[in-house]
Amino acid sequence: MLVLARKRNESIQIGDDIVVKVIQCGRGVVRLGIEAPGHIRVLRSELAETFLEEAYTGKSVAGAFTA
């Protein structure tokens, strides 16, 4: 695992098409902005686990992917 330190408004580049930018830091929370092509799925880890479970079981988890 690569560990980087970034300040507010600094970013990292992943490959040619993905940029992760630190938007805000404070009170134990970090807000990130992620720029990625439309064909790249970007999910929080807890939603990714739900997505994988749904794909494996074939059962839909109501409301799991609503914004």
Are there any pairs with C-beta distances below 9 angstrom linking a residue in the range 22-37 that is within 15 Å of Arg8 (Cβ to Cβ) and among the β-branched types (Val, Ile, Thr) to a residue that is surrounded by fewer than 10 Cβ atoms within 10 Å (Cβ to Cβ) and at pLDDT 95 or above, with the two at least 6 apart or on different chains, and if so which?
Val22/Lys7
Has the range 41-52 got at least one residue that is surrounded by 12 or more Cβ atoms within 10 Å (Cβ to Cβ), among the polar types (S, T, N, Q) and at pLDDT 95 or above?
no
Near pairs, Cβ below 7 angstrom, 6+ apart or cross-chain, from the range 45-58 (in contact (Cβ under 8 Å) with a residue 12 or more places away in the chain) to any residue that is surrounded by 11 or more Cβ atoms within 10 Å (Cβ to Cβ)
Leu47/Ala64; Leu47/Phe65; Thr50/Val61; Thr50/Ala64; Phe51/Leu43
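The values are calculated or read from the model by the stated rules, or taken from the named source; none is laboratory data. Every value quoted in this text rests on a predicted model; they were computed, and no experiment measured them. Cβ sites come from the backbone with ideal geometry, for glycine too, and all protein chains shown count toward neighbours.
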